[in-house]
Amino acid sequence: MKKVLFGSLVLVGMVGVIEAAYLYVPSQYGTISAAISAAATGDTVLGGWRNFTG
C-alpha cells in the first residue's frame, strides 16, 4: 500500500513540472525583441557576443 501511495504522489507531482527554455540570440532568433516575444514565463533570453542595435 505504501508503494502505491508513494508512486501516486510522484506522478501527481510530475504533472505540474514546467520546463523553462533558453532562447539564444542570434542563433535561434534574429533579434532580442523576437526572442522576448517568443518567451514564456520562466524562460531566459541569452544574447551572443556582438553589438545589437534597434
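Read-outs: derived from the displayed coordinates by stated rules, not from any lab. What you see is a predicted model, and the numbers here were worked out from it, not measured in a lab. Note that we place each Cβ from the backbone using ideal geometry, even for glycine, and neighbour counts take in every protein chain shown.
Using a 7 Å offset from the Cα along the Cα-to-Cβ direction at both W49 and A21, what is the distance between the two label points in nm, to one decimal?
2.7 nm
Counting other C-beta atoms within 10 Å, which of T44, T31 has the fewest, and how do the rest follow? Working shown, then result.
Values: T44 11, T31 14.
Going from sparsest to densest Cβ surroundings: T44, T31.
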